[in-house]
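The values are calculated or read from the model by the stated rules, or taken from the named source; none is laboratory data. Quick caveat: nothing in here was measured; it's all calculated off a predicted structure. FYI the Cβ positions are ideal-geometry reconstructions off the backbone, even for glycines, and counts take in every protein chain you see.
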C-alpha cells in the first residue's frame with residue numbers, strides 16, 4: 001500500500017481487515033492481503049494486472065521517474081493510438097499507464 005500512496009500518488013480512503021481501498025482521481029484500487037498467493041515474480045508473462053487511462057501520460061511518467069519507480073516499458077507513442085509506459089510494483093505486478101492520442 002505504501003508504494004501506491006508514496007510513489008504513485010494514491011490516497012488511502014479506508015482499510016478493513018485484509019484490504020486497503022485507495023484512490024487517485026477517478027481510479028480506485030482495492031489491495032488485498034493474500035499471504036498464500038503465488039508471487040508475481042514467479043508469473044512473469046502473466047503479471048500485467050491493470051491499465052490506467054490518464055489525461056497526460058508524459059506528466060505521470062515524469063512523476064514516477066522522480067519517485068524512483070521501476071519502469072518496465074518506457075514512455076512511447078504506440079501504433080494503436082496510445083501514449084504509454086509501464087511500471088513494476090514492488091511485488092512484481094506490471095501496471096500500464098496510457099493516454100489516448102488525438
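If the condition is being within 11 Å of residue 1 (Cβ to Cβ) and either surrounded by fewer than 10 Cβ atoms within 10 Å (Cβ to Cβ) or assigned by TED's automatic domain parsing to the domain that holds residue 53 (or both), then segment 11-29 contributes no residue at all.
Inside segment 45-85, can you point out the residues that are modelled with pLDDT of 95 or more, assigned to a strand (DSSP E or B) and surrounded by 15 or more Cβ atoms within 10 Å (Cβ to Cβ)? The answer is 75, 82, 83, 84, 85.
Checking each residue in segment 1-41 for being touching a residue at least 24 places away in the same chain (Cβ under 8 Å), within 27 Å of residue 62 (Cβ to Cβ) and part of a loop (DSSP other than H, G, I, E, B) picks out 1, 8, 9.
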